[in-house]
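Undergrad: Okay, handing you the structure first.
Rule-based calculations on the coordinates, nothing more; no lab input. As the structure is a computational prediction, the values presented were derived from the model and not from experiment. Quick reminder, even Gly has a Cβ in these numbers, built from the backbone with ideal geometry, and neighbours come from all protein chains shown.
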Amino acid sequence: MSLNAELRTFYEARQRQIPAEVRAVMQRAGEELEASGQTGRAVTVGTQAPDFTLPSAVGETVTLKGLLAQGPVVLTFYRGAWCPYCNIALRSLQEHHAAITERGAQLIAVSPQIPDESLALTEKHTLAFEVLSDIGSAVAKAYGLAFDLPDDLAAAYDKLGLDLQHVNGGHARTLPLPATYVIGIDGTIQWAFVNNDYTTRAEPTDILAALDALT
């Protein structure tokens with residue numbers, strides 16, 4: 001089963017568990033985000049990937065420049081460990097991690113979570129790749145991916161018990177669009193996936209194909 005087929009199956013089951021009024025808020029927020037044109041403001045193929053310096057889940061400092069000195073980078077942005085779609089996507093990337101490294105690339109995941117929350121995710125899924133904390137979403141903003149939740153959706157997330165105020169270090173309203181980039185050693189974005197729908201993610205097989213195209 002492809003990643004997005006798995007995500008669709010989960011989505012259909014999940015919808016039956018969420019109150020109708022909350023589903024309506026989520027749907028309206030999704031429509032507004034799509035209409036905003038946010039995806040069109042994201043950096044894309046042929047542009048220079050913005051450099052960054054971010055802390056990892058184990059307290060190390062990681063820079064994009066340093067990563068590229070070792071080879072191509074697969075950079076993926078996700079909403080957080082509280083998002084079940086993100087967890088499914090990260091598990092799928094973990095399953096393809098060996099194939100990514102065999103192609104000489106490094107896989108890096110970035111979310112607005114504080115390092116302690118990212119570490120919990122790393123331990124839970126035994127991820128073999130770096131999970132970085134973009135507190136305040138400065139890097140997501142540089143990539144054109146950051147957006148603010150509308151008031152009613154933020155309230156709906158509160159009703160669902162999601163403590164974004166804590167896990168995002170006081171920046172509860174700002175999240176990144178789901179996005180994945182393949183960045184060449186010269187820092188140029190060679191392949192990009194950006195979508196305003198958080199239930200849709202880059203297929204690992206497409207990422208591997210993009211890495212193959214680099215050589």
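Undergrad: Please report the antiparallel percentage of DSSP beta bridges with both residues in the chain, rounded to the nearest 5.
TA: Numbers: 18 of 27 bridges.
Among the beta bridges of the chain, antiparallel pairing accounts for roughly 65 percent.
Undergrad: With only Lys, Arg, Asp and Glu charged, each at its Cβ (+1 for the first two, -1 for the last two), find how big the charge dipole of region 108-215 is about the Cα centre; round to the nearest 20 debye. Walk me through the intermediate numbers first.
TA: Values: 5 positive and 15 negative charges, 12 e Å.
Here region 108-215 has a charge dipole of around 60 debye.
Undergrad: Moving on to the next point. What relative contact order, as a whole-number percentage, does region 60-107 give when Cα pairs under 8 Å and 6 or more residues apart are counted? Please report the intermediate quantities before stating the final value.
TA: Values: 24 pairs, mean separation 23.3, N = 48.
49 percent.
Undergrad: Sticking with this one: Could you state the angle between the C-alpha long axis of helix 3-15 and the longest principal axis of the C-alpha atoms of the chain, as a value from 0 to 90 degrees rounded to the nearest 10?
TA: Rounded to the nearest ten degrees, it is 10.
Undergrad: Quick one: which residues, 5 or more positions from PHE147 or on another chain, have an amide H under 5 Å from its amide H? H modelled 1.01 Å from N in the peptide plane, none for Pro or chain starts.
TA: Distant-sequence amide H within range of PHE147: LEU175, LEU177.
Undergrad: What is the pair-distance distribution P(r) of region 46-93, computed from all Cα-Cα distances in 10 Å bins starting at 0, with each bin given as a whole percent?
TA: Histogram of Cα-Cα distances, whole percents per bin: 20, 44, 34, 2.
Undergrad: Evaluate the Debye formula for region 75-156 with equal point scatterers sitting on the alpha carbons, no solvent, and hand back log10 of I(q)/I(0) at q = 0.21 Å⁻¹, in q order, two decimals.
TA: Relative scattering, expressed as log10 I(q)/I(0), comes to -1.02.
Undergrad: Below 8 Å, C-alpha to C-alpha, sequence gap of six or more: please give me the relative contact order for the chain in percent. Working shown, then result.
TA: Values: 365 pairs, mean separation 62.4, N = 215.
So the answer I get is 29 percent.
Undergrad: List, in order, the whole-Hz ³J(HN,Hα) value for each residue of region 22-30 obtained from phi through the Karplus relation with A = 6.51, B = -1.76, C = 1.60 and θ = phi - 60°; use x for Gly and Pro.
TA: Once rounded to whole Hz, the list reads 6, 4, 5, 5, 4, 5, 5, 5, x.
Undergrad: With all pairs of different alpha carbon atoms counted, what Kirkwood hydrodynamic radius in Å does region 89-215 show?
TA: Working: mean 1/r = 0.0634 Å⁻¹.
15.8 Å is the Kirkwood radius here.
Undergrad: Beyond 21 Å, how much of the Cα-Cα pair distribution for the chain remains, as a whole percent?
TA: Values: 12018 of 23005 pairs.
Here the tail beyond 21 Å accounts for 52 percent of pairs.
Undergrad: In Å, what Rg and Dmax follow from the Cα atoms of region 3-67?
TA: Calculated on Cα positions, Rg and Dmax stand at 18.3, 47 Å.
Undergrad: Compute the angle between helix 84-95 and the longest alpha-carbon principal axis of the chain, please, reported from 0 to 90 degrees and rounded to the nearest 10.
TA: Tilt of helix 84-95: around 20 degrees.
Undergrad: Shifting gears a bit: In whole Å, what is the distance between the alpha-carbon centres of region 128-196 and region 30-89?
TA: For region 128-196 versus region 30-89, the Cα centre distance is 7 Å.
Undergrad: Okay, moving on. Average projected area of the Cα convex hull of region 1-113, in nm²?
TA: For the Cα atoms of region 1-113, the hull's average projected area reads 9.2 nm².
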